[in-house]
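Take a look at the structure below.
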Amino acid sequence: MAVAFTREEDYEAQAADLPDRPISAHANLVTATGLAAIEAELAAAREAYARAQTDGGISADRTAMARATRDLRYWGSRRASAQLTEPEPQDGVVQFGRTVEIEREDGRRQSFRIVGEDEADPAQGSVSYVSPLARALMGKVVGDVAMVGGGEVEVVAVR
């Protein structure tokens, strides 16, 4: 029976030993919206950490404490390294923070905003500035063509 309790404790210890969230080697460029989102995530992580401490601390729920600690480290690091980037808009030039509309070879048009890594959400129309799509288009102007994913895309608008 003692072996069963030991195994249970081992599983709990493993669950509480969460690996750190990976931090990108790229510069942490953010828009004003992205910076606000990082600050909100950091506040939520602080709240989760405080809640885990008051709900009984490590002995009551080691996994909650480990998750809160990991998130606090991640968002604290991302906030500390955040570089608010708001370049002066250049008419028709693809830049960080701008919305780009492209046309693919098959005639499909897509729009997306180029943002920081933590704020990128392709389903919501934003891509990271380090994504292959954004890298291929940065610095291009309306009318320029770039190779993306093995096909050509044309920049048709920049807002």
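For the stretch 35-55, which residues satisfy the criterion of being over 24 Å from S81 (Cβ atoms) and of a type in the set (D, E, K, R)?
Matches in the stretch 35-55: R51, D55.
This table checks each residue for (1) of a type outside the set (A, V, I, L, M); (2) farther than 30 Å from V142 by Cα; (3) more than 20 Å from the chain's Cα centre (by Cα).
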| position | (1), (2), (3) |
| --- | --- |
| M65 | no, yes, yes |
| S81 | yes, yes, no |
| Q95 | yes, no, no |
| D106 | yes, no, yes |
| G116 | yes, no, no |
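Residues in the stretch 81-94: is at least one open to solvent by less than 50 Å² (accessible area, probe 1.4 Å), of a type in the set (A, V, I, L, M) and modelled with pLDDT under 95?
Within the stretch 81-94, none of the residues are open to solvent by less than 50 Å² (accessible area, probe 1.4 Å), of a type in the set (A, V, I, L, M) and modelled with pLDDT under 95.
Among the residues of the stretch 23-70, what is the count of those that are surrounded by 13 or more Cβ atoms within 10 Å (Cβ to Cβ), among the acidic types (D, E) and at pLDDT below 95?
1
I'm trying to understand the selection: among the residues of the stretch 71-115, which are closer than 19 Å to V155 by Cβ and of a type in the set (G, A, S)?
Matches in the stretch 71-115: G92, G97, G107, S111.
I'd like the full set of residues that are out of contact with any Pro (no Cβ under 9 Å at 6 or more places or on another chain) and open to solvent by less than 70 Å² (accessible area, probe 1.4 Å), limited to the stretch 111-127.
Hits for the stretch 111-127 are S111, I114, V115, G116, E117, D118, E119, A120, D121, G125, S126, V127.
Do you know which residues across the stretch 21-51 are without any contact (Cβ under 8 Å) to a residue 24 or more places away in the chain and not in a helix (DSSP H, G or I)?
Scanning the stretch 21-51 gives P22, A25.
Which one of these does T63 not meet: (1) part of a strand (DSSP E or B); (2) in contact with a helix residue (DSSP H, G or I) (Cβ under 8 Å, 6 or more places away or on another chain)?
(1)
Is the stretch 54-67 home to any residue that is among the acidic types (D, E) and within 24 Å of A32 (Cβ to Cβ)?
Going through the stretch 54-67, the residues among the acidic types (D, E) turn out to be 55, 61.
Then drop every residue that is not within 24 Å of A32 (Cβ to Cβ), which leaves none.
No, that holds for no residue.
The values are calculated or read from the model by the stated rules, or taken from the named source; none is laboratory data. Bear in mind that the values here come from a model prediction, so they are computed numbers and not experimental data. Neighbour counts are summed over all protein chains in view; Cβ atoms, including those assigned to glycine, are modelled from backbone coordinates with ideal geometry. Quick note on the areas: whole protein, heavy atoms, side chains included, nothing else; ligands and nucleic acids left out. Shrake-Rupley method; radii C 1.70, N 1.55, O 1.52, S 1.80 Å.
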